[in-house]
Amino acid sequence: AQSVTQPDIHITVSEGASLELRCNYSYGATPYLFWYVQSPGQGLQLLLKYFSGDTLVQGIKGFEAEFKRSQSSFNLRKPSVHWSDAAEYFCAVVLYSGAGSYQLTFGKGTKLSVIP
Amino acid sequence: DSGVTQTPKHLITATGQRVTLRCSPRSGDLSVYWYQQSLDQGLQFLIQYYNGEERAKGNILERFSAQQFPDLHSELNLSSLELGDSALYFCASSEGPDGEAFFGQGTRLTVV
C-alpha cells in the first residue's frame, strides 16, 4: 500500500547539534515530497518541497532535505539546531488515490525537543 | 500568515449537535483540503475540492460533509457529534489539484 513513514516519534538534540529526521515512502513512482513544521497550537508551515530535478533541496529556516530514490527516502537535515526549532515535523507526499485523484498524505510526525 | 483563513478558531459544543467550519483559501487557489488532527490518529486527510468539485476523499465519516462554493470558500459540516470528534480541523489550499498546500491555523473543536 502507498504510505509515508516517519520512524522516529520523538527526537531530542542539544542546541547547536546537527539534526536529521527520517522519512520513507512507499509508492510506485516518484511522488511530490514535502516537509512541514508545526509549532504548538499552530498550523502547519511548509519548510521545503521536492518535485523533480536536483535531489538536494533547500528550505526555510536553514533546513535542507535530500531525495534518495534508491532508498525511497526524503530526510530532513539541519547542521546546527536552534532552541526555536523545537516543534513537530511532518513529512508529506502526494500519492495517487485512484480515479485520477491525488492526495496529500502525512506521516505520523516527529516531535523535536531541543536541550539548551 | 499563510493566507488561508479558518473560522472559528475554537468551538465547544455538546454531543449530538451539528457545527459548520469555514475556510477561505489563499487568493487564486482553486483547491481546498480538509484534515483532522488528533493525538491518536495524527493528521488524517478528510476531503479535497478543486474548483467546486470533489476531487479526492479520505477517511471522512458519513456524519461529515463538505462543499466548496462558487467563490471558492469551503465549509465542513460535522453532525451528530461524538466525544471522539474532538480534534483540530485544518483547512489547506493550493493553486492546482496536487501542488504544495498552505495551511490555515485550524479550528479546535471540543465536544462535551
- Of B:Gly96, B:Gly104, which residue is under 19 Å from A:Tyr36 (Cβ atoms) and either acidic (Asp, Glu) or surrounded by fewer than 15 Cβ atoms within 10 Å (Cβ to Cβ) (or both)? B:Gly96
- Scanning segment B:3-19 for residues that are assigned to a loop (DSSP other than H, G, I, E, B) and surrounded by fewer than 17 Cβ atoms within 10 Å (Cβ to Cβ), which turns out farthest from the other protein chains (Cβ to nearest Cβ)? B:Gly16
- Query: Condition test on A:Thr5, is it in contact (Cβ under 8 Å) with a residue 60 or more places away in the chain, within 13 Å of another protein chain (Cβ to nearest Cβ) and not charged (D, E, K, R)?
  - Reply: yes
- Query: For residues in segment A:30-47 being outside any strand (DSSP E or B) and in contact (Cβ under 8 Å) with a residue 12 or more places away in the chain, which is surrounded by the most Cβ atoms within 10 Å (Cβ to Cβ)?
  - Reply: A:Pro31
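So that you can scan it fast, the table gives a plain yes or no per residue for (1) assigned to a strand (DSSP E or B); (2) within 18 Å of B:Phe103 (Cβ to Cβ); (3) touching a residue at least 24 places away in the same chain (Cβ under 8 Å):
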{"residue": "B:Leu21", "(1), (2), (3)": "yes, yes, yes"}
{"residue": "B:Ser27", "(1), (2), (3)": "no, yes, yes"}
{"residue": "B:Leu43", "(1), (2), (3)": "yes, yes, yes"}
{"residue": "B:Asp71", "(1), (2), (3)": "no, no, no"}
{"residue": "B:Glu75", "(1), (2), (3)": "yes, yes, yes"}
- Query: Residue check: is B:Leu43 closer than 22 Å to A:Phe34 by Cβ and out of contact with any helix residue (DSSP H, G or I) (no Cβ under 6 Å at 6 or more places or on another chain)?
  - Reply: yes
- Note on the structure: Residues in segment A:59-96 that are more than 21 Å from A:His10 (Cα to Cα), assigned to a strand (DSSP E or B) and touching a residue at least 40 places away in the same chain (Cβ under 8 Å) total 3
- Message: Here's a check for you: in segment B:77-112, which residue that is among the acidic types (Asp, Glu) and part of a loop (DSSP other than H, G, I, E, B) is nearest to A:Leu48 (Cα to Cα)?
- Response: B:Glu100
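Where a number appears in this text, it was derived from the coordinates with a stated rule and is not lab data. All values reported here derive from a predicted model rather than from experimental measurement. A quick note on method: Cβ atoms are made from the backbone with ideal geometry, for glycine too, and the neighbour counts reach across all protein chains shown.
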